[in-house]
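Q: Would you mind keeping the following structure in view while I ask a few things?
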Amino acid sequence: MTVAANVNQCLSTLKGIEAQLSSFAINSTVPEASKIFHETMMVIGEIKMDLEQRKIQLEKEEPQYKG
Amino acid sequence: MNDYTHIIVASILFVVTLFTITKIGGKKQLSELSFFEYVSGITIGSIAGEVIMGLDGNLLHGVLAIMIFGSFTYLHDLIGIKSKKFRDFFEGNATVFIKEGKVLEENLKKEKYTIDELNSLLRQKNVFKTADVEFAVLEPKGDLSVLLKKELQPITPKDLNMTVSPEKEAHTVIMDGNVLNDQLTAAGKNRGWLDTELSILNVTLDNVFMAQVDSYGKLTIDTYDDQLQVPSPQPRKLLLAMLNKCQADLELYALETVSDEAKQMYNKNAAKLQTAIKKIKPFLNE
């Protein structure tokens, strides 16, 4: 797998994690748990943004692997 | 009235009376926690038995006596709530038997307990060595409450400085194949959610004997068909594994890349994710 593909895969996993965390935050009736799920979701969102930028960079460098 | 009809009428009458009295007395009467409840419990029982079987007695006499005993306990409870002195007099205080690991012989004597009896009570609490006990007290009801020495107490997450995820009570949302709507509401869920969860588990409602939902919104079910293999997904554990994988990936990319800028970005995010994982980990244990 190319670097771009790797980053892409990681991005999708992060998206999955984000969605799962959001579902946990909504479904849990324990406020502390909901809070921590939500906080982690925000952190994941930040990481996702950084990775997305890196992905654009990579695609510029290796346009043949644009996915 | 012949003997048989007498017994039938008396039995029915006393079942109703006893039921009413216990209903009024409430759970406390059943617990026989204090002297009064103990005594009245026994007496009410024997009065009922005596009147049902004692064929010459007047039924209403028995009912009257039961009413009197019942109201005595009731009054005793009412006054007891108001006055501490009253409570102390009627129910007595707890007696300390072991303090700081030493048996208080004076108190044993006062309550007329022998050391054998004390040992037997301790054994019922799974204590076989008096030296293991920090503090033991004889309750007014007659059983012994034991506090073990700190080093012999069961270990708790607090002792280990562990953070555990808080957990609230589970709600039983399906019983005998019927949905309990008020429980479902109490759990903060609705029918649509329940139907989706059941279809994920691949079962129909009428095959579910019981289903409970925990405070993390996870549904566990018991089916009528015990041969049926119900999947038991562990979404929180899976999420933790996914988080760990992502964190490892980020570290790997940081090592692989040649660009300094990208390396920094990966390292920063890997560290960020690591801290987040550390925080969320106790909540993802199931």
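Q: What average number of partner chain Cβ atoms lie no more than 10 Å from the Cβ of the residues making up A:17-30? Walk me through the numbers before you get to the answer.
A: Working: counts 8, 0, 0, 6, 3, 0, 3, 9, 1, 2, 10, 10, 13, 8.
Mean partner-chain Cβ count within 10 Å for A:17-30: 5.
Q: Using Cα centres only, tell me the gap between region B:84-112 and region A:21-39 in whole Å.
A: The two parts, judged by their Cα centres, are 49 Å apart.
Q: Continuing with the same structure: Net charge around B:Q124, counting only other residues with Cβ within less than 15 Å of its Cβ (Lys, Arg = +1; Asp, Glu = -1)?
A: Result for the neighbourhood of B:Q124: -1.
Q: Find the relative contact order for chain B and round it to a whole percent, using C-alpha pairs within less than 8 Å whose residues are 6+ positions apart.
A: Working: 286 pairs, mean separation 30.5, N = 286.
Value for chain B: 11 percent.
Q: Let me ask something else about it. Counting other beta carbons within 10 Å of each residue's own, what order do A:S23, A:S28, B:S215 fall into, fewest first?
A: On the way: A:S23 14, A:S28 24, B:S215 19.
With the sparsest Cβ surroundings first, the list reads A:S23, B:S215, A:S28.
Q: Now a separate question. Need one value for B:253-261: mean number of C-beta atoms belonging to other chains within 10 Å of its residues' C-beta atoms.
A: That average works out to 2.
Q: Between B:F86 and B:Y38, what length in nm is gained on full extension when 0.36 nm per residue of separation is reduced by their alpha carbon distance? All intermediate terms of the calculation are to be shown ahead of the outcome.
A: Details: separation 48, 0.36 × 48 = 17.28 nm, distance 1.70 nm.
Answer, rounded to one decimal: 15.6 nm.
Q: Then there is this: Any chance you could give the angle, 0 to 90 degrees and rounded to 10, that helix B:59-82 forms with the longest Cα principal axis of chain B?
A: 50 degrees
Q: What net charge do the residues around B:G101 carry, taking every other residue with its C-beta under 11 Å from that of B:G101, with Lys and Arg at +1 and Asp and Glu at -1?
A: +1
Q: Among the GluC sites (Glu not before Pro) within region B:78-137, which fall in a DSSP loop and have no more than 10 other Cβ atoms within 10 Å of their own Cβ?
A: Listed in order of number, the matching sites are B:E100.
Q: With a cap of 14 neighbouring Cβ atoms within 10 Å, and only residues DSSP puts in a loop, list the trypsin sites (Lys or Arg not before Pro) found in chain A. Don't skip to the answer; put the middle values down first.
A: Numbers: sites: A:K15, A:K35, A:K48, A:R54, A:K55, A:K60, A:K66; in loops: A:K66.
Passing both the DSSP loop test and the Cβ count: A:K66.
Q: Okay, moving on. May I ask you to derive the relative contact order of region A:3-58, considering only C-alpha pairs under 8 Å and at least 6 residues apart, and to give it as an integer percent?
A: 46 percent
Q: Taking the Cβ of B:D176 as the center, what net charge do the other residues with Cβ under 12 Å away carry, scoring Lys and Arg +1 and Asp and Glu -1?
A: Value of the local net charge: -2.
Q: So, in Å, what gap is there between the alpha-carbon centers of region B:195-230 and region B:39-80?
A: What the calculation gives is 49 Å, centre to centre.
Q: Given springs between every Cα pair under 10 Å in a Gaussian network model of chain A, which of A:I44, A:I56, A:I17 has the largest fluctuation?
A: A:I56
No value in this document is a laboratory result; all are computed from the given coordinates. Note that the coordinates shown come from a computational prediction; the quantities given were computed from them, not determined experimentally. Backbone-built Cβ (ideal geometry, glycine too); neighbour counts: all protein chains shown.
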